[in-house]
Amino acid sequence: MSIWKKIMAKCDRRIKSLTSSCKNIYGIGIDIVRIDRFINLREQFIKKIFLPDEFFYAQQRSISSLAGIFSAKEAVAKSLGTGFKKISPIEIMIRHNTNNKPFVELLSRASKIALSRKICEIKISITHEKKYAIAIAVAIYKI
C-alpha cells in the first residue's frame, strides 16, 4: 500500500470516529426586543412570563437583563420549533452559571417536546446594548 493510501486510510478512520459522536442542529431561534418595553411591567405579566429565580436575577442587575431573559425564552421556543403555541414561557428557565454564562433548563411540556425530538442540549447567547436585547438559541439533537 502506498504512503498516500495509508495516510488517507488513517484520515478516514479519524473522521469516522469524530462523526460517530457528532450532534446535529435541530433548530435555531433568534429574538430581539426593545428594553424599554420592560420598564413598567404589570405583576400579572411578570408571573406569566418569568420564574421567580429569573426575576430575582434580573432585579439584582438591570432591566436589560430582564429583557435579555425574555428574548432568550423566545429564541429557545423557536429553536424547539414550537414558538409559544405549544409551550408556555414559564416552561423555559434561563439560568446563569457562576461566570454569568446563561443556560437553559426545560420544564413540563417543553422538556417532553425536547425529549420526543431527541434534543439533548440547547445553547444560548444573550446580549444587550442601549435599546435592544437579543438572544439566539441552538437546539442540538443526538444522532
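Read-outs throughout are calculated quantities, based only on the coordinates presented, and are distinct from any laboratory measurement. The model shown is predicted, which means the values in this text are computed figures rather than measured ones. In this analysis, Cβ positions are derived from the backbone assuming ideal geometry, glycine residues included, and neighbour counts consider all displayed protein chains.
Derived value for the stretch 98-143: Kirkwood hydrodynamic radius 12.2 Å. Basis is the mean of 1/r over every pair of different alpha-carbon atoms. Neighbour counts of C-beta atoms inside 10 Å place L66, L80, L107 in the sequence L107, L80, L66, starting with the fewest. Checking the Cα-Cα distances for K47/K118; K48/K78; K47/K85; K86/K131; K73/K118; K48/K112 against a 25 Å cut-off, the pairs over it are K47/K118; K86/K131. Applying both filters, DSSP loop and at most 14 other Cβ atoms within 10 Å, to the chymotrypsin sites (Phe, Trp or Tyr not before Pro) of the stretch 44-87 gives F84.
Counting other Cβ atoms within 10 Å as a rough exposure proxy, the listed residues D31, D53 run D53, D31 from fewest neighbours to most.
Calculated on the alpha-carbon coordinates, the convex hull of the stretch 39-102 measures out at 85 cubic angstrom per residue. With coordinates expressed along the principal axes, the C-alpha atoms belonging to the stretch 23-142 extend over 39, 27, 25 Å, beginning with the largest.
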